[in-house]
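What follows is a single structure, written as structure tokens, with notes after it.
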Ligand SMILES: [Zn+2]
Ligand SMILES: [Zn+2]
């Protein structure tokens, strides 16, 4: 399997996961055009998509969903609460009801040869989940938009070969920044977004000796920057020891509005 981040950040999220037979998007939070262009980088036509897994109904995860669903008839996998949220959002336009497939946390399902395992996450949406996808003994997990994590989430994400983990903000930048008080409270709360430090702590718990890549995603434009997220997470991974030869497990930062490089499980 391979992973391509098409866009990642507060202004839009979309990832491709697939192999030679099966092609999946996780979220469709950018324009249809950007999704088409991202897929072109890896030679996939949108009409070849087997499904879009939606994590939750916030606009930065569903903005291009209506277009992709209407234009290419791609099935949409989401929890009941998320489907309600999508249906209530009139800006997405009409989506054929027949395209929806309802999923539930911990109920594993198959899209062709890829098994998908949804995990409930802490976020201020109707019924948000993150997803792990497995095929042929390899596992890719994508977990963004988490206010915090617990042992359940660690348990569900562990043993991944590739992971995308949110590193949303630097707590000090957020506190000192220009966001209104209520928004700071929301982001810092247990149902908001994961800070760089907390992201590093989660990643440390998920480390294993077969990791091929760790992508930091959903960075805030206002309250973070790439080098800071990378260095903070790396420091946490190393148990706060300043050592130059710390293994970084292929740690890198997803680009905000352009595709990154392809990461492969084997
Ligand atoms: Zn969200
Ligand atoms: Zn988001």
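The table below gives the values:
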item	result
Meets criteria (farther than 29 Å from residue 19 by Cα, touching a strand residue (DSSP E or B) at 6+ places or on another chain (Cβ under 6 Å) and without any contact (Cβ under 8 Å) to a residue 40 or more places away in the chain) for residue 195	yes
Failed criterion for residue 53 (all others in (1) more than 16 Å from ligand 1 (Cβ to nearest atom); (2) out of contact with any helix residue (DSSP H, G or I) (no Cβ under 9 Å at 6 or more places or on another chain) hold)	(1)
Spans of helices (runs of 4 or more DSSP H) in region 1-117 with at least 3 residues within 16 Å of ligand 2 (Cβ to nearest atom) and free of Cβ contacts under 8 Å to residues at least 60 places away in the same chain	59-62, 80-88
Qualifying positions in region 22-34 - under 14 Å from residue 116 (Cα atoms) and away from ligand 1 (no atom under 16 Å from the Cβ)	22, 23, 24, 25
Region 122-140 - residue that is more than 16 Å from the chain's Cα centre (by Cα) and under 18 Å from residue 207 (Cα atoms) and, of those, surrounded by the most Cβ atoms within 10 Å (Cβ to Cβ)	138
Region 123-151, residues that are farther than 16 Å from residue 198 by Cα and away from ligand 1 (no atom under 15 Å from the Cβ)	132, 133, 134, 135, 136, 137, 138, 139, 140, 141
Qualifying residue in region 94-103 (condition: within 13 Å of residue 128 (Cβ to Cβ) and buried (at least 16 other Cβ atoms within 10 Å of the Cβ))	yes
Given (1) closer than 27 Å to residue 222 by Cβ; (2) in contact with a strand residue (DSSP E or B) (Cβ under 6 Å, 6 or more places away or on another chain), index of the condition residue 49 fails	(1)
Region 124-137 residues that are under 14 Å from residue 22 (Cβ atoms) and without any contact (Cβ under 8 Å) to a residue 40 or more places away in the chain, paired with ones that are part of a strand (DSSP E or B) and more than 11 Å from ligand 1 (Cβ to nearest atom) (beta carbon under 9 Å, 6 or more apart)	134/114; 134/115; 134/116; 134/117; 134/140
Qualifying positions in region 7-38 - in contact with a strand residue (DSSP E or B) (Cβ under 7 Å, 6 or more places away or on another chain) and more than 23 Å from residue 109 (Cβ to Cβ)	7, 8, 30, 34, 38
Residue satisfying all of: in region 141-164; within 16 Å of ligand 2 (Cβ to nearest atom) and touching a residue at least 60 places away in the same chain (Cβ under 8 Å); nearest to residue 261 (Cα to Cα) among these	164
Any hit, region 100-119, residues being under 24 Å from residue 146 (Cα atoms) and within 16 Å of ligand 1 (Cβ to nearest atom)	yes
Selected residue [within 19 Å of residue 254 (Cβ to Cβ), surrounded by fewer than 23 Cβ atoms within 10 Å (Cβ to Cβ) and either modelled with pLDDT of 95 or more or away from ligand 1 (no atom under 14 Å from the Cβ) (or both)] from 13, 19, 37	37
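The values are calculated or read from the model by the stated rules, or taken from the named source; none is laboratory data. This structure is a prediction, so every number in the text was calculated from the model and none was measured. Here Cβ is always computed from backbone atoms with ideal geometry, including for glycine, and neighbour counts include all displayed protein chains.
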